[in-house]
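Notes to accompany the following structure.
Just so it is clear, none of the values below were taken in a lab; they were calculated from the coordinates. What you see is a predicted model, and the numbers here were worked out from it, not measured in a lab. Don't worry about glycine lacking a Cβ; one is built from the backbone with ideal geometry, like all the others, and counts go over all protein chains shown.
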Amino acid sequence: MTNPNVWGQSFHSGSNAKWIQNLHNAHRPTVILGSIGVFSGICFLDFAYNFVTGHKHAPASHNPAWAEATRSYLRAQNCNPITGVSSKK
């Protein structure tokens, strides 16, 4: 019999599902590394899909009129006057 207080877990998982009990009884490093692996895999799949299809994830509002209005606003506010848009007259 294992000691229930090994990782400070002296409570029951609250579920009768076998996979939840196994996850509950697993060591914390196993669960943490598994979660990081799943998250990294999802991020990689998203990156690979976007790389292959050429999607850039540009917002729908990013059009030439919006970009010109943004540059005009930044010039009016004198944002970054040394090297930014306000330095170009």
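One table, with the values for the structure above:
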quantity	calculated
Table column - 3J(HN,Hα) (Hz), region 30-40, Karplus curve with 6.51, -1.76, 1.60, x for Gly and Pro	5, 5, 5, 5, x, 5, 5, x, 5, 4, 5
Ascending count of other beta-carbon atoms within 10 Å, so fewest first, for Leu33, Leu23	Leu33, Leu23
Ranking of Arg28, Arg75 by count of other Cβ atoms within 10 Å, fewest first	Arg28, Arg75
